[in-house]
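Okay, so here's the structure we're looking at.
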Amino acid sequence: MVFKNSEIKKKSIIISIIYIALIIIITIFFGNRGYYDLYQAKKEYRKLEEEIKTLSLKKENLEKELKLIKECPEYYEKIAREKLWMVKPDEKVIVIKK
């Protein structure tokens, strides 16, 4: 089978177009700042937003606790006893193992 010169040119043009299209598609999806990078950035953004929410709630709770400690001596004493194991000079501590 003998190919004509024009048939070879058509096939080489079609192959070139397909090759260029594949390169463009691969670059769009996986190239620098492509869709894959965008997906990863959005995923990281959502993760950081959740972390910000968690830390904001923790901050609010700590601020409330600080306010209680400053305003309420009974709470201050309770925290000192529970978290720091502090006792008054005339008290004895009994520890019960679970």
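Between 0 and 90 degrees, rounded to the nearest ten: what's the tilt of helix 5-30 against the longest Cα principal axis of the chain?
Between the helix axis and the principal axis of the chain, the angle is about 10 degrees.
About the Cα centre, and with charges only on the beta carbon of Lys, Arg (+1) and Asp, Glu (-1), how big is the dipole of the chain? Nearest 20 debye, please.
600 debye
Please name whichever of Ile26, Leu57, Ile15 sits farthest to the positive end of the charge dipole of the range 1-71, dipole taken about the Cα centre and charges placed at Cβ: Lys and Arg +1, Asp and Glu -1.
Farthest along the dipole direction, towards plus: Ile15.
Rounded to two decimals, what ratio of Rg to Rh does the chain give with C-alpha atoms and a Kirkwood Rh?
When Rh is taken as the Kirkwood radius, the ratio is 1.65.
Cα axis of helix 73-84 to longest principal axis of the chain: angle in degrees, 0 to 90, nearest 10?
Computed tilt is about 70 degrees.
Using Cα atoms only, what is the angle between the long axis of helix 35-71 and the major principal axis of the chain, expressed in degrees (0 to 90) to the nearest 10?
10 degrees
Under 10 Å, Cα contacts only: if you run a Gaussian network model on the chain, which one of Glu65, Glu77, Glu51 comes out with the highest mean-square fluctuation?
In this elastic network of the chain, the residue with the biggest mean-square fluctuation among Glu65, Glu77, Glu51 is Glu77.
Give the whole-number value, in cubic angstrom per residue, of the convex hull volume spanned by the C-alpha atoms of the range 46-98. The partial results should precede the final answer.
On the way: hull volume 5.6 nm³, N = 53.
In the range 46-98, the Cα hull volume divided by residue count equals 106 Å³.
Bear in mind these aren't lab numbers, they're just calculated from the coordinates by the rules spelled out. Remember, predicted model here, so these are calculated numbers, not experimental data. Cβ: placed from backbone, ideal geometry, glycine included. Neighbour counts: every protein chain shown.
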